[in-house]
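Asks: Sharing a structure, written as structure tokens. Questions coming.
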Amino acid sequence: MQRIVILTGAGLSAESGLGTFRDKGGLWTKYDLEDVATPQGFAANPVLVHEFYNARRENCLQASPNPAHAALARLQAAMPGQVTLVTQNVDDLLERAGAGDVIHMHGQLMRALCAACGHRWDAPRVMQPHAPCPACARAATRPDIVWFGEFPYQMDRIDQALARADLFVAIGTSGNVYPAAGFVQEAALAGARTLELNLDASANAGLFDETRLGPASRIVPGWVEDILSATARP
Ligand code: BV8
């Protein structure tokens with residue numbers, strides 16, 4: 001039974017029209033990360049931060065999954081219980097492509113969080129600053145997003161999957177953000193083979209056993225077919 005852990009980044013959704021962060025014209029060239037993706041930035045200017053996430057939520061609602069999202073959903077369905085899908089992305093394109101149980105380690109655009117009581121609910125299309133929490137009524141509502149300096153979600157579950165992985169695959173991530181960028185080493189230390197599927201070699205490309213370069217919508221379906229035909233062979 002082959003166990004596969006997949007980590008995806010903004011490159012998976014690039015061809016669906018959602019911006020990446022560090023490519024030419026990426027989000028971090030238009031916004032200062034400190035202003036819109038840190039708790040301090042949110043405390044200082046919740047209007048700006050809600051505008052940033054409202055715009056990305058709108059963009060996401062207008063976007064569609066691309067063949068790479070569909071291929072990963074197909075792989076997960078064909079190998080029940082063997083594929084752990086971890087994403088740094090906050091969009092819901094993997095779910096809309098049919099994937100289930102996606103681990104959103106950096107949170108989700110479509111969810112809201114109450115910073116006072118921890119209640120989570122489906123975010124409205126447009127979130128307003130200081131909106132009251134539906135559970136405790138305090139004006140502590142925020143996007144359910146993991147900002148820099150905050151703990152990513154489901155780290156125990158991710159670490160357990162990495163410890164048991166036979167294969168770790170990073171897709172469309174530049175390998176700049178930790179702890180996600182350290183997963184390849186964690187998997188390799190546990191004996192997994194490691195593969196990077198990316199448009200350009202990432203900052204930690206040298207840590208992978210194999211790298212395949214190209215747009216995700218082409219190389220991810222190709223890789224999934226390779227895996228499925230290998231598992232189909234007697
Ligand atoms: C934390 C919010 C404590 C949501 C994001 C060492 C250890 C631990 C922490 C740190 C450390 N060093 C520094 C830190 C602190 C910090 C950090 O990593 N800073 C960086 C800048 C140095 N990390 C944190 O604060 C994290 N929390 O550390 O808590 C802790 C410590 C240990 C263990 C547990 C906890 C919190 C990080 C989360 C921050 N939130 N986003 C949002 O607004 O979206 S991060 C942000 O970057 C997004 O989530 C994004 O997903 C993520 C990573 O970016 P990528 O996905 O890689 O996107 P990028 O644009 O960079 O690259 C795109 C790639 O796609 C490129 O390679 C490109 O070639 C490729 N591509 C483009 N087009 C295509 C393509 N590939 C295929 N096809 C295409 N068509």
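Asks: Tabulate in residue order the Karplus-calculated ³J(HN,Hα) for the range 211-221, using 6.51 cos²θ - 1.76 cosθ + 1.60 with θ = phi - 60°, rounded to whole Hz; enter x for Gly and Pro.
Replies: 10, 10, 9, x, x, 4, 5, 9, 7, 6, x
Asks: When DSSP assigns beta bridges and you keep just the ones with both residues in the range 80-234, what percent turn out antiparallel, to the nearest 5?
Replies: 40 percent
Asks: Using Stokes-Einstein with the Kirkwood hydrodynamic radius over Cα pairs, what translational diffusion coefficient do you get for the chain at 10 °C and a viscosity of 1.306 mPa s, in µm²/s rounded to a whole number?
Replies: Approximately 87 µm²/s, per Stokes-Einstein.
Asks: Can you tell me the convex hull volume per residue for the range 63-189, based on C-alpha atoms, in Å³ to the nearest whole number?
Replies: Given the Cα convex hull of the range 63-189, per-residue volume reads 126 Å³.
Asks: Here's something else I'd like to know. Using R₀ = 45 Å, calculate the FRET efficiency as 1/(1 + (r/R₀)^6) where r is the Cβ-Cβ separation of Glu51 and Gln2; round to 0.05.
Replies: With a Förster radius of 45 Å, E is 0.55.
Asks: By the 4.7 Å beta carbon criterion, which cysteine residues of the chain come out unpaired?
Replies: So, Cys60.
Asks: Then there's this: Need one number: convex hull volume per residue for the range 182-234, Cα atoms only, in Å³.
Replies: Dividing the Cα hull volume of the range 182-234 by its residues yields 83 Å³.
Asks: Residue separation times 0.36 nm, minus the C-alpha to C-alpha distance between Ala135 and Gln160: what's the value?
Replies: Value of the extension gain: 5.7 nm.
Asks: Hey, another quick one. Using a 1.4 Å probe on the protein heavy atoms, what percent of the accessible area of the chain belongs to carbon and sulfur?
Replies: 53 percent
Asks: Across the range 172-186, in residue order, what do the Karplus-derived ³J(HN,Hα) couplings come to in whole Hz, using 6.51 cos²θ - 1.76 cosθ + 1.60 with θ = phi - 60° and x for Gly and Pro?
Replies: Each residue's phi maps through the Karplus curve to give x, 9, 7, x, 9, 10, 9, x, 4, 5, x, 5, 4, 5, 4 Hz.
Asks: What are the semi-axes of the equivalent ellipsoid for the range 121-203, taken as the square roots of 5 times the Cα gyration tensor eigenvalues, largest first, in whole Å?
Replies: After diagonalising the Cα gyration tensor, the semi-axes are 35, 16, 10 Å.
Asks: Continuing with the same structure: Ignoring solvent entirely, what values of log10 I(q)/I(0) come out of the Debye formula for the range 1-44 at 0.14, 0.18, 0.22, 0.32 Å⁻¹ when each Cα is a single scatterer?
Replies: Values, matching the q order: -0.49, -0.67, -0.80, -1.04.
Asks: So, taking all protein chains as they sit and a 1.4 Å probe, how much accessible area belongs to Thr173, in Å² rounded to tens?
Replies: About 20 Å², ignoring ligands and nucleic acids.
Asks: Is there a quick way to get the dipole size of the range 54-149? I mean about its Cα centre, with the Cβ of Lys and Arg at +1 and of Asp and Glu at -1; what is the value in debye to the nearest 20?
Replies: Here the range 54-149 has a charge dipole of around 200 debye.
Asks: Please list, in order along the range 61-77, the HN-Hα scalar couplings obtained from phi with the Karplus expression 6.51 cos²θ - 1.76 cosθ + 1.60 (θ = phi - 60°), rounded to whole Hz, x for Gly and Pro.
Replies: 5, 7, 8, 10, x, 10, x, 6, 4, 5, 5, 5, 5, 5, 4, 4, 5
Asks: Using 0.36 nm times the number of residues separating Thr211 and Cys117, minus their current alpha carbon distance, what extension gain do you get?
Replies: 29.5 nm
Asks: Here is a further query. Across every pair of different alpha-carbon atoms, what Kirkwood hydrodynamic radius in Å does the range 27-120 reach?
Replies: 15.0 Å
Asks: In the full protein assembly as shown, how much of Arg157 is accessible to a 1.4 Å probe, in Å² to the nearest 10?
Replies: Its accessible surface works out to 90 Å², give or take rounding.
Asks: Principal axes first, then extents: for the Cα atoms of the range 80-130, list largest minus smallest coordinate on each axis, whole Å, largest first.
Replies: So the extents along the principal axes, rounded to whole Å, are 41, 21, 16.
Asks: Accessible area of Asp159, 1.4 Å probe, to the nearest 10 Å²?
Replies: Rounded to the nearest 10, the figure is 60 Å².
The values are calculated or read from the model by the stated rules, or taken from the named source; none is laboratory data. Please read all numbers here as calculations on a predicted model, not as lab measurements. In this analysis, Cβ positions are derived from the backbone assuming ideal geometry, glycine residues included, and neighbour counts consider all displayed protein chains. Each accessible area value is taken on the protein alone, full model and side chains, heavy atoms only, with ligands, DNA and RNA left out. Shrake-Rupley method; radii C 1.70, N 1.55, O 1.52, S 1.80 Å.
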